[in-house]
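**Student:** Handing you this structure, nothing more for now.
The values are calculated or read from the model by the stated rules, or taken from the named source; none is laboratory data. Bear in mind the structure is a predicted one, so any value in this text is a computation, not a measurement. So basically every Cβ, Gly included, is an ideal-geometry build from the backbone, and we count neighbours across all protein chains shown.
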């Protein structure tokens, strides 16, 4: 895979001190950033991964996936396989209602792209739960309340329909279609995309790539579709997809009221972006010729963009700055030592000495745990958990994150874990899913002869309350 160019921030007109200030502000605000890359004029100025996250990790994009399905549609249009003004029902004569309403008949590909399909709500759950598993049929059965093109509704189901349309006209999944046309030329390797039960990539979410891949994607759009002297996208498509197509001014958050393009958000300062839930970013800043790519776990997505504008974009005035060796070294050192904070507590306690080596059998609780054994030392903890079908080991560092795997159902997750005694009788294990924003805190509270665990799950779409466990010491 050809690497991106690297250069010093000052040689590209960006102050190392400003990048340091951005990172410091991110950490001071407690934003769980996993990675970041800043590019200007096609070269990487700064890049970093917060341990336990790593450069080679695939990371779930959530709705940043939408910008990739948009790109696939743009490519298919350039190949003459469809047009923006094709009606949606024309692709699905076998799934459309027998007597479609005028609004249903008027819905076009451009309306799916611009989130103005005319539906009143995005009832995605009802599609996912259909007994016949036919999401496209369910979408076409929905009432279309408004004239398509007149009302913005953020609608992941519409993005799914784009993927379904693409598969109809090409005979390939979106991921397979993109591979020779976009992913291979950009050097994006190992990308994955979730599919619906009928084998259609879900389009509006579910894609996983590396941070470097997000940066390349943004740089392609900044370069108006050109990559290494080869045109991958038409300039017309790039301009159209990233320009104002429909108003979303009813939203009260600044970066979500600047207008919407074709699966791209408009931003202040004449910028645009693809983004995904909990802080997955591909921000393109054309006037400054900059790209910011990041993955994270945060509930404050506007706050991150405010810091990008304040520290990275607005201070840029020219194409070069005088060298600043001291600040550049400080930035280099900072980027090399990035680490997510773990639970605040102590490495051991008097309770640790008493319960280390003990095994507890389940007495009550909800979840997969049937038993647990605890071994504590100054460097962390080893928790052996027995479930219905297997036993697995959770290793937690105290000052450092420890990599491992965790099995839930039929899925295996790469994780990083860290822990501390948050009270004399309470040990907290913090677990990060290394391929997504999801983070789980498990609290084990020890009594004379028992332990009770509660858990909290953050940064995913699902219940916040995780598995529980109550156990009694045996042996």
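To keep it simple, each residue is scored yes or no on (1) touching a strand residue (DSSP E or B) at 6+ places or on another chain (Cβ under 7 Å); (2) under 26 Å from residue 299 (Cα atoms).
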site	(1), (2)
366	no, no
372	yes, no
393	yes, no
426	yes, no
432	yes, yes
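**Student:** I need the full set of residues from the stretch 395-415 which are outside any strand (DSSP E or B) and either loosely packed, with under 14 Cβ neighbours inside 10 Å or touching a helix residue (DSSP H, G or I) at 6+ places or on another chain (Cβ under 7 Å) (or both), in order please.
**Tutor:** Passing the criteria: 399, 409, 410.
**Student:** What is the number of the single condition among (1) at pLDDT below 95; (2) more than 29 Å from residue 64 (Cα to Cα); (3) outside any loop (DSSP other than H, G, I, E, B) that residue 427 does not meet?
**Tutor:** Against the list (1) at pLDDT below 95; (2) more than 29 Å from residue 64 (Cα to Cα); (3) outside any loop (DSSP other than H, G, I, E, B), residue 427 comes up short only on (1).
**Student:** Return the residues of the stretch 32-90 that are without any contact (Cβ under 8 Å) to a residue 60 or more places away in the chain, under 20 Å from residue 185 (Cα atoms) and touching a strand residue (DSSP E or B) at 6+ places or on another chain (Cβ under 8 Å); say none if nothing qualifies.
**Tutor:** 43 - this is the single residue of the stretch 32-90 that is without any contact (Cβ under 8 Å) to a residue 60 or more places away in the chain, under 20 Å from residue 185 (Cα atoms) and touching a strand residue (DSSP E or B) at 6+ places or on another chain (Cβ under 8 Å).
For every residue, the table says whether it meets (1) free of Cβ contacts under 8 Å to residues at least 12 places away in the same chain; (2) over 18 Å from the mean Cα position of the chain (by Cα); (3) in the same structural domain as residue 83 (by TED's automatic domain parsing).
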| site | (1), (2), (3) |
| --- | --- |
| 194 | no, no, yes |
| 198 | no, yes, yes |
| 229 | yes, yes, yes |
| 235 | yes, yes, yes |
| 248 | no, yes, yes |
| 251 | yes, yes, yes |
| 269 | no, yes, yes |
| 278 | no, no, yes |
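**Student:** Considering only the stretch 322-329, I want to know if a residue exists there that is crowded, with 16+ Cβ neighbours inside 10 Å, in contact with a strand residue (DSSP E or B) (Cβ under 9 Å, 6 or more places away or on another chain) and either part of a loop (DSSP other than H, G, I, E, B) or modelled with pLDDT of 95 or more (or both).
**Tutor:** Among the residues of the stretch 322-329, not one is crowded, with 16+ Cβ neighbours inside 10 Å, in contact with a strand residue (DSSP E or B) (Cβ under 9 Å, 6 or more places away or on another chain) and either part of a loop (DSSP other than H, G, I, E, B) or modelled with pLDDT of 95 or more (or both), which makes the answer no.
**Student:** If you don't mind, another one. Looking at the stretch 330-344, which of the residues that are surrounded by 17 or more Cβ atoms within 10 Å (Cβ to Cβ) and out of contact with any helix residue (DSSP H, G or I) (no Cβ under 9 Å at 6 or more places or on another chain) is nearest to residue 427 (Cα to Cα)?
**Tutor:** Going through the qualifying residues, I end up with 343.
**Student:** Report the residue count in the stretch 190-205 for those that are crowded, with 21+ Cβ neighbours inside 10 Å and either touching a strand residue (DSSP E or B) at 6+ places or on another chain (Cβ under 8 Å) or more than 23 Å from residue 77 (Cβ to Cβ) (or both).
**Tutor:** Residues flagged as crowded, with 21+ Cβ neighbours inside 10 Å and either touching a strand residue (DSSP E or B) at 6+ places or on another chain (Cβ under 8 Å) or more than 23 Å from residue 77 (Cβ to Cβ) (or both) within the stretch 190-205 amount to 4.
**Student:** If I filter the stretch 430-437 for residues that are over 27 Å from residue 31 (Cα atoms), assigned to a loop (DSSP other than H, G, I, E, B) and not assigned by TED's automatic domain parsing to the domain that holds residue 33, do I get at least one hit?
**Tutor:** no
So that you can scan it fast, the table gives a plain yes or no per residue for (1) closer than 27 Å to residue 177 by Cβ; (2) part of a helix (DSSP H, G or I); (3) under 23 Å from the mean Cα position of the chain (by Cα):
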{"position": "30", "(1), (2), (3)": "no, no, yes"}
{"position": "34", "(1), (2), (3)": "no, no, yes"}
{"position": "48", "(1), (2), (3)": "no, no, yes"}
{"position": "67", "(1), (2), (3)": "yes, yes, yes"}
{"position": "71", "(1), (2), (3)": "yes, yes, yes"}
{"position": "80", "(1), (2), (3)": "yes, no, no"}
{"position": "85", "(1), (2), (3)": "yes, no, no"}
{"position": "95", "(1), (2), (3)": "yes, no, no"}
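**Student:** For the stretch 401-424, give me the residue count where each residue is out of contact with any strand residue (DSSP E or B) (no Cβ under 7 Å at 6 or more places or on another chain) and touching a residue at least 60 places away in the same chain (Cβ under 8 Å).
**Tutor:** So the count comes out to 2.
**Student:** How many of the residues making up the stretch 441-456 are buried (at least 16 other Cβ atoms within 10 Å of the Cβ) and either free of Cβ contacts under 8 Å to residues at least 12 places away in the same chain or touching a helix residue (DSSP H, G or I) at 6+ places or on another chain (Cβ under 6 Å) (or both)?
**Tutor:** 1
**Student:** Same structure again: Of the conditions (1) modelled with pLDDT of 95 or more; (2) touching a helix residue (DSSP H, G or I) at 6+ places or on another chain (Cβ under 8 Å), residue 24 satisfies every one except a single condition; which number is it?
**Tutor:** (2)
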